[in-house]
Amino acid sequence: MAPENHPIPIILDCDPGHDDAIAILLAVQSPLIDLRAITTTFGNCSVADATRNALRVLALAGAGRVPVAIGAAGPLTGVTELGNYVHGASGLDGPTMPEPVSAPVERSATELMLEVISSSERPITLVATGPITNVAALIREHPEVVPTVREVIFMGGSTERGNHTPAAEFNTYADPEALDIVLRSGIPIRMVGLNLTHQALATPAIVERMQAMSHVVGHTAAEWMGFFGSSYRNVWEFDSPPVHDPCTIAALIRPELVRWRECFVAVETRGEWTRGATVVDLFNRYGRPANARVAIELDAAGYWDLVLDAIDALGAATTGSSTRHLGEHRRDGP
Ligand code: BDR
Ligand code: CA
């Protein structure tokens, strides 16, 4: 049975991105999530491409009604790192995607966040699945929202090593100063790092379940995994790609899928080789008060059942509008 505080009102701050795209589908479909807005950021690609990708994923999902606002084009400080080497030139390479059916709102990401937070009858959860720049900018520009935000749950960092560099995960490397602001803000924080998301592998059996679906949403997801999987093979020698970002949404929908540990988390902003690395004090060696709940263990089978059921339900619900795209896509094929 769903906890009584469902559906959870959220803003999804993201940089789609193949795994962000699956997170969007899950958030759109789940009756236990109330997706109030999407805000975009640089990260896997430029913010312009991330915005276009978000709008295209919403079109695929039949959810053009969800407001989308354009966010940060780069970090608070330092150089802009992009993840096109993982997600391709468009940031969402692979299948042919529908054109957007809506346009971004005329407010910035922080303006839309503020508007949604201040007008909500219930506290908003901020879900961040890219560099956390927009959330930090909101906290800096509008510190009055801090006590009203229910929590920030972010994909980033690790209890172990990194991926973008040996020490640092991509999202936390891309804007460590932003994460530092969020961690010190006093907002309740949950961290979903690589140590957790590397348990969420899209194995061939999972991709086959997507391919076996009788609609374009399932087939598109399977092709995303094909592109993402080849990047993970080429760059990190993974057999199957870890589908990081939807772990955040899954943890909100079905809290029992994830085991957490409360601890002190910091992010390295100055290290010569370790900039952007998260320092997770699992055994309280620093003796500092915990400032985050850190994801430790995933029920991977339960996670995939949730994600695949959502993709299938969304595909079934949007079959009328999506069949055209399936036909278009097949015409593009060999
Ligand atoms: C994170 O970086 C991006 O490649 C993914 O979208 C995810 O948010 C994983 O390090
Ligand atoms: Ca992401």
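Kindly work out what percent of the DSSP beta bridges joining two residues of the chain are antiparallel, to the nearest 5. Could the numbers behind the result be given before it?
Details: 11 of 36 bridges.
Antiparallel: roughly 30 percent of the beta bridges in the chain.
Would you mind working out the magnitude of the charge dipole of the chain relative to its Cα centre, with +1 at each Lys and Arg C-beta and -1 at each Asp and Glu C-beta, to the nearest 20 Debye?
On the way: 24 positive and 39 negative charges, 38 e Å.
Roughly 180 debye, rounded to the nearest 20.
Near Q199: Cβ cut-off under 13 Å, other residues only, Lys/Arg at +1 and Asp/Glu at -1. The net charge is -2.
Can you check what the net charge comes to around L257, using other residues whose Cβ is under 10 Å from the Cβ of L257 (Lys, Arg +1; Asp, Glu -1)? Can you show the working numbers first?
Details: positive: R254, R259; negative: E256, E297, D299, D305.
Counting the neighbours of L257, the net charge comes to -2.
Estimated from helical segments only, the mean residue ellipticity of the chain at 222 nm is -12000 deg cm²/dmol, where each DSSP H run of four or more residues counts as -39500 (n - 2.57).
Relative contact order, percent, of the chain when contacts are C-alpha pairs under 8 Å separated by at least 6 residues? Write out the running numbers ahead of the final one.
Working: 752 pairs, mean separation 64.3, N = 334.
It rounds to 19 percent for the chain.
Modelled this way, with points 7 Å down the Cα-to-C-beta line, the labels at R259 and A103 are 5.1 nm from one another. Loop-located trypsin sites (Lys or Arg not before Pro) in region 268-311 (DSSP state other than H, G, I, E, B) with a sparse environment of at most 13 neighbouring Cβ atoms within 10 Å: R270, R285.
In the neighborhood of E177, defined by Cβ-to-Cβ distances under 14 Å, what is the net charge if each Lys or Arg adds +1 and each Asp or Glu adds -1? Spell out each step's value before the answer.
Details: positive: R140, R184, R270, R275; negative: E81, D175, D180, E268.
Within the 14 Å Cβ shell, the charges total 0.
Counting GluC sites (Glu not before Pro) as exposed when in a DSSP loop with at most 16 other beta carbons within 10 Å, what is the longest stretch of the chain free of them? Result for the longest clean stretch: 5-105. Taking trypsin sites (Lys or Arg not before Pro) across region 132-224, the ones in a DSSP loop with at most 15 further Cβ atoms lying within 10 angstrom of their Cβ are R161, R184. Between the helical axis of 319-332 and the dominant principal axis of the chain, each derived from Cα atoms, what acute angle in degrees is found, rounded to the nearest 10? Helix 319-332 and the main axis of the chain meet at about 80 degrees.
Note on R285 and E177: with the Förster distance fixed at 25 Å, the Cβ-Cβ geometry gives a FRET efficiency of about 0.55. If you wrap the tightest convex hull around every Cα atom of region 1-122 and split its volume per residue, you get 118 Å³. Here the Karplus curve 6.51 cos²θ - 1.76 cosθ + 1.60, taken at θ = phi - 60°, turns the phi angles of region 19-31 into couplings of 7, 4, 4, 5, 4, 4, 4, 5, 5, 5, 7, 5, x Hz, with x standing for Gly and Pro.
Taking amide H as placed 1.01 Å from N in the peptide plane, R190 has its amide H under 5 Å from the amide H of V152, I153, F154, R293, each at least 5 places away in sequence or on another chain.
In the chain, the longest principal axis of the Cα atoms and the axis of helix 47-60 are about 50 degrees apart.
Dipole of region 1-156, Cα-centred, from +1 at each Lys and Arg C-beta and -1 at each Asp and Glu C-beta, to the nearest 20 debye? Could you put the intermediate results ahead of the total?
On the way: 8 positive and 17 negative charges, 31 e Å.
Computed about the Cα centre, the dipole is about 140 debye.
Only alpha carbons enter this Debye calculation for region 8-316, each as an equal point scatterer, and the log10 of I(q)/I(0) it gives at q = 0.13, 0.15 Å⁻¹ is -0.84, -1.16. Which angle between 0 and 90 degrees, to the nearest 10, do you get for helix 300-317 versus the longest principal axis of the chain when only C-alpha atoms count? The answer is roughly 50 degrees. Rounded to the nearest Hz, the phi-derived 3J(HN,Hα) couplings of region 248-258 under the Karplus curve 6.51 cos²θ - 1.76 cosθ + 1.60 (θ = phi - 60°) are 5, 5, 4, 5, 6, 6, 10, x, 6, 6, 10, where x marks glycine and proline.
Considering only DSSP states other than H, G, I, E and B, which chymotrypsin sites (Phe, Trp or Tyr not before Pro) in region 275-323 qualify as loop sites with at most 12 other Cβ atoms within 10 Å? Here the sparse-neighbourhood loop sites are F283, Y286.
Taken together, the values in this text are just the output of simple stated rules run on the coordinates, not laboratory data. Everything quoted here is computed from the prediction, not taken from an experiment. Here Cβ is always computed from backbone atoms with ideal geometry, including for glycine, and neighbour counts include all displayed protein chains.
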